[in-house]
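Here's the structure, in structure tokens; my notes come after.
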């Protein structure tokens with residue numbers, strides 16, 4: 001749904017073809033969204049079939065594939081508002097895959113698990129630094145919406161800071177012998193250490 005919301009949001013600004021949408025999404029939203037290039041064309045197709053966008057022109061240049069230019073319809077403007085409201089109101093529960101690894105981590109040697117957790121903390125720090133650099137350049141990427149773009153990048157930075165703090169707490173508990181205190185591993189089997 002977020003890809004459809006993004007497409008309709010950009011089409012409210014002006015008409016686009018798919019590749020331009022991809023470039024706009026990458027440059028203006030790339031640091032804090034995971035919209036995939038392939039999903040844009042699929043979503044455009046769906047939006048067109050649903051009557052929310054329409055093909056207003058097809059550009060043909062010799063040696064290049066034809067490019068369809070899309071515009072938002074009145075129904076598309078209503079759909080944009082509906083999706084926007086739903087996107088903000090509806091909470092999406094986040095299930096973190098690494099939690100399963102931490103659950104069973106007691107089956108690794110303590111030093112190996114501590115090393116793996118430290119690698120994760122380093123990766124989180126690198127991702128945070130990348131976002132901090134992006135935040136310093138957000139005026140170049142999104143000059144028309146610099147304040148909201150700053151807040152969105154800050155949201156992700158804050159999330160990474162919490163993740164780093166959480167993983168440091170896990171390492172501390174692990175090294176203190178408190179993370180997996182029982183004789184048995186988390187899944188009821190004998191621990192490796």
>> What distance in nm lies between label points placed 7 Å from Cα along the C-beta direction at residue 129 and residue 75?
In response: 5.1
> In whole Å and largest first, what semi-axes does the C-alpha gyration tensor of region 2-89 yield when each eigenvalue is scaled by 5 and square-rooted?
Replying inline: 21, 16, 10
> By how many degrees, 0 to 90 and rounded to 10, does the Cα axis of helix 18-29 deviate from the longest principal axis of the chain?
Replying inline: 50
> Taking Cα pairs under 8 Å and at least six residues apart, what relative contact order does the chain come out at, in percent?
Replying inline: 22
> How many nm is it between the label spots at residue 90 and residue 136, if each spot is 7 Å from the Cα in line with the beta carbon?
Replying inline: 3.9
> For the chain, what is the mean residue ellipticity at 222 nm derived from helices alone (per DSSP H run of n ≥ 4: -39500 (n - 2.57); sum divided by total residues; nearest 500 deg cm²/dmol)?
Replying inline: -20500 deg cm²/dmol
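Report the gain in length on full extension from residue 114 to residue 56: 0.36 nm times residue separation, minus Cα-Cα distance, nm rounded to one decimal.
Using 0.36 nm per residue and subtracting the Cα-Cα distance, I get 15.1 nm.
Counting other beta carbons within 10 Å of each Cβ, put 151, 32 in order, fewest first. Let's see the in-between values first.
Numbers: 151 11, 32 17.
Starting with the residue having the fewest Cβ neighbours, the order is 151, 32.
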> How far is helix 110-136 tilted off the main Cα axis of the chain, in degrees rounded to 10, range 0 to 90?
Replying inline: 30
>> What number results when the radius of gyration of the chain, computed over Cα atoms, is divided by 2.2 N^0.38 Å?
In response: 1.40
> What is the fewest-to-most order of 91, 158 by other Cβ atoms lying within 10 Å of their Cβ?
Replying inline: 91, 158
>> If the elastic network links every pair of Cα atoms under 10 Å, which of 77, 120, 14 fluctuates the most in the Gaussian network model of the chain?
In response: 14
>> Springs between alpha-carbon pairs under 10 angstrom, Gaussian network model over the chain: which of 66, 123, 114 fluctuates most?
In response: 66
> Taking the inverse of the average 1/r across all pairs of different Cα atoms in region 98-175, what Kirkwood radius in Å do you get?
Replying inline: 14.0
> Taking the chain as a Gaussian network, where each spring joins two C-alpha atoms under 10 Å apart, which residue of 35, 170, 88 fluctuates the most?
Replying inline: 88
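We did not get these values from a lab; they are worked out from the coordinates using the rules stated. Fair warning: this is a prediction, and the values are worked out from it, not measured in the lab. Counting neighbours? That spans all protein chains shown, and the Cβs are built from the backbone with ideal geometry, glycine included.
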